[in-house]
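Working notes for the structure below.
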Amino acid sequence: MKQQFLLLFMGLFTFQTVSALAQVELDHGTDESAGGGSAYIVTTPAATYYLEKEGGGLSSVLDRDGVDWLGFHAQPGSGWRGEYRGFPNAIHRQDGNYFHAMNAGTDPSSSVVDVESPAHVRITFTSDNGKWQGQWDFYADRCDFTMSRVSPGYRYWVQYEGVPGGEMDVTDYWYASVDTERHPIEESHIGDLPAPEWMAFGDASSPRMLYVLHHEDDDYPDDYVSRPYMTVLGFGRREKGKYLDTVETFSIGFVESTKHAALAQAMEKILDTQ
């Protein structure tokens, strides 16, 4: 009897321990809000990510309350209202169009799940021409995208094109590494962000902010402009110009605060873990 009780206790302890550690879960399904495309669905304590399987870009990023801060939809002609949105939207007319949730202008990529553990999921996408490769790493607190292969002689940008708090409106705002001020969403930032390069977006009704972080510092423009229905933040972007041509890493996720100091601290913590 004692041995049976001990085995039951040990089994329950092991189950509870594994469950507690299972902070990153990978499922397969569709993103109905984006038009029904096939997607990897990665669930973490901080967010749920929909990674579109054919295009290789995020179509939705849901916060703890189920609010989508990307708002992609594949409907042709929807423009800023849907088909342009997403992350990282990286390769545009540069030896193809890749790593964007699949719309009429996106070229397809193939993917493989390299790591699937309770603490980390890694999915790697390769462009159909074999020249580009993008690596996705999902952790409990964030998602990292690394442009792990760059087509020689070409350039890319990495963008957050989305809807803070679920809809772009005048109650939205942003912070960035450039200063400690809270900026209205319609205010542009033109120029290179100082290290560590980051920008975060909020909504007056939300207790959290979505951030995008560039792990490497550079002197290239990181321009932000608002559109009528979405944000356009581009690391390594100036209008239609693209500047990035090496392996780079970017993080996207949520901070459960609306204070600049908390955001800055979170960015430093991410970089310290690399």
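The values are calculated or read from the model by the stated rules, or taken from the named source; none is laboratory data. It should be emphasised that the depicted structure is a prediction, and the values quoted were computed from it without experimental measurement. Every residue, glycine as well, gets a Cβ built from its backbone with ideal geometry; the counts of neighbours run over all protein chains shown. Heads up: the accessible areas ignore ligands, DNA and RNA and are worked out on the full protein's heavy atoms, side chains in. Shrake-Rupley method; radii C 1.70, N 1.55, O 1.52, S 1.80 Å.
Can you work out which of the residues in the range 103-116 that are open to solvent by 40 Å² or more (accessible area, probe 1.4 Å) and either of a type in the set (Ser, Thr, Tyr) or in contact with a Pro (Cβ under 9 Å, 6 or more places away or on another chain) (or both) is nearest to residue 212 (Cα to Cα)? Don't jump to the end; show me each part of the working.
We begin by selecting, within the range 103-116, every residue open to solvent by 40 Å² or more (accessible area, probe 1.4 Å); these are 104-105, 107-108, 110-116.
Among the residues that remain, those that are also either of a type in the set (Ser, Thr, Tyr) or in contact with a Pro (Cβ under 9 Å, 6 or more places away or on another chain) (or both) are: 104, 110-111.
Numbers: 104: 26, 110: 25, 111: 23 Å.
Filtering the range 103-116 for residues that are open to solvent by 40 Å² or more (accessible area, probe 1.4 Å) and either of a type in the set (Ser, Thr, Tyr) or in contact with a Pro (Cβ under 9 Å, 6 or more places away or on another chain) (or both), the one nearest to residue 212 (Cα to Cα) comes out as 111.
When the range 147-175 is examined, which residues are found to be open to solvent by 20 Å² or more (accessible area, probe 1.4 Å) and polar (S, T, N, Q)?
Within the range 147-175, 148, 171 meet the criteria.
Out of 199, 209, I need the residue that is in contact with a Ser or Thr (Cβ under 7 Å, 6 or more places away or on another chain) and of a type in the set (A, V, I, L, M). Which one?
Testing whether each residue is in contact with a Ser or Thr (Cβ under 7 Å, 6 or more places away or on another chain) and of a type in the set (A, V, I, L, M) leaves just 209.
So, in the range 209-228, exactly how many residues are at pLDDT 95 or above, in contact with a helix residue (DSSP H, G or I) (Cβ under 9 Å, 6 or more places away or on another chain) and either part of a loop (DSSP other than H, G, I, E, B) or among the charged types (D, E, K, R) (or both)?
Residues in the range 209-228 being at pLDDT 95 or above, in contact with a helix residue (DSSP H, G or I) (Cβ under 9 Å, 6 or more places away or on another chain) and either part of a loop (DSSP other than H, G, I, E, B) or among the charged types (D, E, K, R) (or both): 1 in total.
Taking into account only those residues within the range 170-200 that are part of a strand (DSSP E or B) and of a type in the set (A, V, I, L, M, F, W, C), which is farthest from residue 226 (Cα to Cα)?
198
Looking at the range 121-159 only, could you name the residues that are of a type in the set (Phe, Trp, Tyr) and in a strand (DSSP E or B)?
Scanning the range 121-159 gives 125, 136, 138, 145, 156.
Keeping to the range 22-57, report how many residues are without any contact (Cβ under 8 Å) to a residue 12 or more places away in the chain and in contact with a Gly (Cβ under 6 Å, 6 or more places away or on another chain).
1
When residue 62 is evaluated against the numbered criteria (1) touching a Ser or Thr at 6+ places or on another chain (Cβ under 6 Å); (2) open to solvent by 50 Å² or more (accessible area, probe 1.4 Å); (3) without any contact (Cβ under 8 Å) to a residue 24 or more places away in the chain, which criterion, by number, is the only one it fails?
(2)
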